[in-house]
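First up is the structure itself, then whatever we jot down about it.
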Amino acid sequence: MDTIKGKIWIFGDDINTDAIVPGAYISSPMEEVVKHVLESENPDFAINFKKDDIIAGGANFGCGSSRENAPEALKRMGIGAIIARSFARIFFRNAVALGIPVMTVENSPDGFSEGNMVEVDVEEAEIKNLTTGEIINGTPLYKDILDVIKMGGIVPLMKDMKSRISE
């Protein structure tokens, strides 16, 4: 898996799925939903987000309801990775199922300033701040989780497995 390079967006603790996808847009088409991702936490996020940008969250990222469209909206935006002190279990599972690189990093986001350019190596569980040179290590992911992320999600992984069985 290649490293992911992007600008870092810093968010605090307890960012819930209702903040990621505001309730007013829950039934909207995904093209509309992505215009409002995290707007209550940072009104500039969806407007200025670029493909492969990275979110650094505090503890309990993705808590609250199990809104499956929260990680889906981030995937559709082109999120590079999400690093956080901890994740809500359901959010973590849904993000992995969609192929979003997620990593627990004990001292995230303390080592970075918003807007820094960072490089995330998911396989090595390492985040390098390209702006300052600081490197922090995350918790390595299990091989099975890395396999799902490498394939872009559980559905592409299953399709690949099926095609190999059929050969």
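Read-outs: derived from the displayed coordinates by stated rules, not from any lab. Keep in mind that what you see is a predicted model, and the values were worked out from it rather than measured. Ideal geometry is used to build each Cβ from the backbone, glycine not excepted, and the neighbour counts take in all protein chains shown.
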Matching residues, region 1-20, being β-branched (Val, Ile, Thr) and in contact with an Asp or Glu (Cβ under 8 Å, 6 or more places away or on another chain): Thr3, Ile4, Ile8, Ile10, Ile15
Filtering region 95-130 for residues that are acidic (Asp, Glu), assigned to a strand (DSSP E or B) and touching a residue at least 60 places away in the same chain (Cβ under 8 Å) leaves a count of 2
Scanning region 76-94 for residues that are surrounded by fewer than 20 Cβ atoms within 10 Å (Cβ to Cβ) and free of Cβ contacts under 8 Å to residues at least 40 places away in the same chain, which turns out nearest to Val118 (Cα to Cα)? Gly78
Condition check: more than 20 Å from Gly152 (Cβ to Cβ) and without any contact (Cβ under 8 Å) to a residue 60 or more places away in the chain. Does Asp44 satisfy that? yes
Residue satisfying all of: in region 66-75; over 11 Å from the mean Cα position of the chain (by Cα) and charged (D, E, K, R); surrounded by the fewest Cβ atoms within 10 Å (Cβ to Cβ) among these: Glu68
The one condition in (1) over 26 Å from Asp14 (Cα atoms); (2) surrounded by fewer than 12 Cβ atoms within 10 Å (Cβ to Cβ) that Thr139 fails to fulfil: (1)
Hey, could you check region 30-64 for residues that are among the hydrophobic types (A, V, I, L, M, F, W, C) and farther than 27 Å from Gly138 by Cα and say which is surrounded by the most Cβ atoms within 10 Å (Cβ to Cβ)? Val33
